[in-house]
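Have a look at the structure below, then the notes.
The values are calculated or read from the model by the stated rules, or taken from the named source; none is laboratory data. Just so you know, these numbers come straight off a predicted model, no measurement behind them. Every residue, glycine among them, receives a Cβ derived from its backbone with ideal geometry; neighbour counts consider all protein chains shown. Ligands, DNA and RNA are excluded from the accessible area calculation, which covers all protein heavy atoms including side chains. Shrake-Rupley method; radii C 1.70, N 1.55, O 1.52, S 1.80 Å.
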Amino acid sequence: QVQLVESGGGLVQAGGSLRLSCAASGRIFSINPMDWYRQAPGKQRELVATITSGGRSNYADSVKGRFTISRGNAQNTVYLQMNSLKPEDTAVYYCNADSWSWSQGKYVEVWGQGTLVTVSS
């Protein structure tokens, strides 16, 4: 079983930066892709950024040019560098990954517990 643990959230002023990290542990065979989602109070969870094992990335329009997703050398970690933060970026940020399950014979979706990012104006 694979677990995802996020870290790096906190309180920052508008215009500031934060770097989120997500580390996968457990019985890992293949994880692809790895994503960051966020959920603001009263809103639906939305995809922020995604990255494949080959390094191909995509971003939500709302964060393009400000956020950068990357994967660690071990491929079991993913980062989200967030610059020029805005109050509307305030949300709980979740790490998500598709992990191969031999017992089920397919990729299964795994979620982290989330980390809170608060951007003050």
Margin query: Please give the charge dipole size of the chain, origin at the Cα centre, charges +1 on K and R Cβ atoms and -1 on D and E Cβ atoms. Round to the nearest 20 debye.
Written below: 140 debye
Notebook entry, point to check: At a probe size of 1.4 Å, how large is the accessible area of Leu116, to the nearest 10 Å²?
Noted result: 100 Å²
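Can you list the chymotrypsin sites (Phe, Trp or Tyr not before Pro) in the stretch 9-63 that are in a DSSP coil and have 11 or fewer other beta carbons within 10 angstrom? Walk me through the numbers on the way to the answer.
Working: sites: Phe29, Trp36, Tyr37, Tyr59; in loops: Phe29.
Passing both the DSSP loop test and the Cβ count: Phe29.
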Check: So, in nm, how far is label Glu88 from label Thr68 when the simple model puts each one 7 Å beyond its Cα toward the Cβ?
Finding: 2.4 nm
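In nm, what is the difference between 0.36 nm times the number of residues separating Ser53 and Ser121 and their Cα-Cα distance?
On the way: separation 68, 0.36 × 68 = 24.48 nm, distance 3.59 nm.
Stretched fully, the Ser53-Ser121 segment lengthens by 20.9 nm.
Probe of 1.4 angstrom, ligands and nucleic acids ignored: what's the accessible area per residue over the chain, in square angstrom?
Numbers: 6560 Å² over 121 residues.
Heavy-atom SASA per residue in the chain reads 54 Å².
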Check: Given Val119, Gly26, Ala40, which one lies farthest toward the positive end of the charge dipole of the chain, if we put +1 on the Cβ of every Lys and Arg and -1 on the Cβ of every Asp and Glu?
Finding: Gly26
Note to self: Only bridges whose two residues both fall in the stretch 2-121 count here: according to DSSP, what percent of them are antiparallel, nearest 5?
What the structure shows: 90 percent
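Return the carbon/sulfur percentage of the accessible area of the stretch 40-121, one whole number, probe 1.4 Å, all protein chains in place.
Values: 2170 of 4570 Å².
In the stretch 40-121, the share of accessible area belonging to carbon and sulfur is 48 percent.
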Next item on the list: Would you mind calculating the gained length between Val108 and Ile28 on full extension (0.36 nm times residue separation, minus the Cα-Cα distance), in nm to one decimal?
Entry: 27.6 nm
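Sort the stretch 1-98 into rounded, prolate or oblate with this rule: let a ≥ b ≥ c be the square roots of the eigenvalues of the Cα gyration tensor; rounded if a/c is under 1.5, and if a/c is not under 1.5, prolate when a/b is larger than b/c, oblate otherwise. Mind dumping the intermediate values first?
Details: a/c = 1.82, a/b = 1.65, b/c = 1.10.
Prolate, since a/c reaches 1.5 and a/b exceeds b/c.
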